[in-house]
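Okay, so here's the structure we're looking at.
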Amino acid sequence: MESNWQEIAEERSQKITELEAENAELKSTITVLQQRISDLEVRINRNSSNSSVPPSSEGLSKPPVGNRADRRSKRRNPGKQPGTEGKHLAQVESPDEVIVHRPDKCLSCGEDLSKGEVVDIEARQVFELPKMAAHVIEHQLVRVACKCGSNTKASPPKEATAPTCYGPSIRALATYLSVYQHVPYDRICEIFADVLSIPISSGSIASMVSEGGGLLGLFTETITDLLRDAPTVHFDESGARVEGSLHWVHVATSCLYTLLTCHKRRGTTAIDEMAVISKMTGIAVHDGWKPYRSYEVIHQLCNAHHIRELQAVTDNLGQAWANEMIELLL
């Protein structure tokens, strides 16, 4: 009888040990799963306001700015801010055209006012575009006969490259609309046709943009040198499609100058070819991405990224200190 009780006790003790081990294993699994759930929740909650996710990837699901907008709206009213320079349409001293409007008769008694004395003139100026049309310049290349028997033709100006061609101003406007205003080639063609009555093809615009880019050599070298000598330069990069494949637009900017380059690579190869951070003497401001850290310069982390990360702490963990730190940075 006593041996049976011992066997039962040993079985129960062994069972308890097994259950304790199983319970410990389940606790460990639960801890891992909870961490995975927490990580997934953080990933799901990522957006452009609390991470480096680009706003373009959020589509219609882009959330409202939230607390940051509230904070900024409390500090700044809509419209012109106190102390800033106002902008308004001011009258000019020498208008291009003056039209005099004189009343024919008195509004009180109906008397003829054609010979009445002028007592006051109120000026109202209307700013208007001139009639917009192509200004065609014909360059006639005169050929002159010499007494030696040969004929000599005058050389054309550099812009007159063919019997008909587009002038520098048209080429500059097409490049400006494309590169700076980001207007698609087809839309630029429509603008020239509808507004200026100048026919132009998308292929011609592409050639103009390419030609303009080819003339930027000295400009790019000058901007690069100025950025290298700047006290502070900000660096960043963003993906972009070039002829259907992923490229990277790299930016280096100071308070005065901005350099943009496009490269198939994102890392040090592209950064080295940009040749700014590798040869600069000032402070490099960036988001802490590892390739930037490999350069021997003074580094400063970007406060805009700090604010996003602090916003993520607020959104995902609900910790009040993060909001207070955002206020401090702002």
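Annotations for the structure displayed:
- Given R0 = 51 Å, the distance between the Cβ atoms of Ala123 and Ala304 translates into a calculated FRET efficiency of 0.60.
- Along the chain, the exposed loop sites are trypsin sites (Lys or Arg not before Pro) outside DSSP states H, G, I, E and B with at most 12 other Cβ atoms within 10 Å, and the longest stretch free of them is 159-263.
- What the phi angles of segment 174-183 give under the Karplus curve with 6.51, -1.76 and 1.60, with θ = phi - 60°, is a coupling list of 4, 5, 4, 4, 6, 7, 8, 8, 6, 7 Hz, glycine and proline written as x.
- Residues in segment 198-207 carry Karplus couplings, in order, of 10, x, 8, 9, 5, x, 5, 5, 4, 5 Hz; the curve used is 6.51 cos²θ - 1.76 cosθ + 1.60 with θ = phi - 60°, and Gly or Pro positions show x.
- DSSP assigns beta bridges within the chain; of those with both partners inside it, close to 75 percent run antiparallel.
- Between Glu324 and Glu138, the distance separating the two model label sites (each 7 Å from Cα on the Cα→Cβ line) works out to 8.1 nm.
- Exposed loop sites here are GluC sites (Glu not before Pro) assigned a DSSP state other than H, G, I, E or B and surrounded by at most 11 other beta carbons within 10 Å; excluding them, the longest clear run of the chain is 139-242.
- Normalised size of the chain, defined as Cα radius of gyration per 2.2 N^0.38 Å with N residues, equals 1.79.
- Across segment 93-106, coupling constants 3J(HN,Hα) worked out from phi with the 6.51/-1.76/1.60 Karplus curve, θ = phi - 60°, read 6, 10, x, 6, 8, 10, 10, 8, 10, 10, x, 7, 8, 6 Hz, and Gly and Pro carry x.
- Taking amide H atoms as placed 1.01 Å from N in the peptide plane, the amide H of Ile283 lies under 5 Å from those of Thr232, Val233, each 5 or more residues away in sequence or on another chain.
- Annotation for segment 232-287 versus segment 104-178: alpha-carbon center distance of 43 Å.
- Whole-number D in µm² s⁻¹ for segment 227-330, Kirkwood Cα-pair radius fed into Stokes-Einstein, 20 °C, 1.002 mPa s: 142
- Heavy-atom accessible surface of the chain, averaged per residue, reaches 79 Å², computed with a 1.4 Å probe.
- Expressed as a whole percent, the accessible surface of the chain that belongs to carbon and sulfur atoms is 55, based on a 1.4 Å probe.
- On full extension, the segment bounded by Tyr176 and Thr17 gains 49.4 nm, given 0.36 nm per residue less the C-alpha separation.
The values are calculated or read from the model by the stated rules, or taken from the named source; none is laboratory data. Bear in mind that the values here come from a model prediction, so they are computed numbers and not experimental data. Using ideal geometry, Cβ is built from the backbone for each residue, glycine included, and neighbour counts are taken over all protein chains shown. Ligands, DNA and RNA are excluded from the accessible area calculation, which covers all protein heavy atoms including side chains. Shrake-Rupley method; radii C 1.70, N 1.55, O 1.52, S 1.80 Å.
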